[in-house]
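K.L.:
Supplied in structure tokens, the structure appears directly below.
The values are calculated or read from the model by the stated rules, or taken from the named source; none is laboratory data. Worth saying up front: this structure is predicted, and the values here are computed from it rather than measured. Because the Cβ atoms are built from the backbone with ideal geometry, glycine has one as well, and the counts that use them run over all protein chains shown. We work out accessible area using only protein heavy atoms, side chains counted, and drop any ligands, DNA or RNA first. Shrake-Rupley method; radii C 1.70, N 1.55, O 1.52, S 1.80 Å.
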Amino acid sequence: MDSGTELFPPILTTKQAAAMTGMSEAWFTDARYYGKGPPYLRIARKAVRYDREVVLTWFRARTVTPGAGV
């Protein structure tokens, strides 16, 4: 995922965050509603943005190494 992330601006819309991570916009919307997912910025009632580096850090923190135990 490192290659190509520089094509995205430092502050992302939900659509851009979804495209960068390969998740859906609906997933991001649901994650916000249920208090899961990466931290986000609420600029106004319906204006949500994501910091690109925060999303990448959150995404990478969920890496699972097979065989590492449960």
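K.L.:
For segment 41-69, name all the residues that are outside any strand (DSSP E or B) and basic (K, R).
P.N.:
R45, K46, R52, R60, R62
K.L.:
Also, I was wondering about something else. Please find, among P9, P38, the residue that is in a loop (DSSP other than H, G, I, E, B) and at pLDDT 95 or above.
P.N.:
On inspection, the qualifying residue turns out to be P38.
K.L.:
Just checking, how many residues over segment 20-35 are farther than 16 Å from T5 by Cβ and not in a loop (DSSP other than H, G, I, E, B)?
P.N.:
Residues meeting the conditions: 9.
K.L.:
Moving on to the next point. Would you mind stating whether Y40 is of a type in the set (F, W, Y), open to solvent by 80 Å² or more (accessible area, probe 1.4 Å) and farther than 19 Å from R60 by Cα?
P.N.:
Criteria not met by Y40.
K.L.:
Can you tell me how many residues within segment 43-70 are among the polar types (S, T, N, Q) and surrounded by fewer than 10 Cβ atoms within 10 Å (Cβ to Cβ)?
P.N.:
Residues flagged as among the polar types (S, T, N, Q) and surrounded by fewer than 10 Cβ atoms within 10 Å (Cβ to Cβ) within segment 43-70 amount to 2.
K.L.:
Hey, could you check segment 1-28 for residues that are open to solvent by 70 Å² or more (accessible area, probe 1.4 Å) and touching a residue at least 12 places away in the same chain (Cβ under 8 Å) and say which is nearest to A61 (Cα to Cα)?
P.N.:
M1
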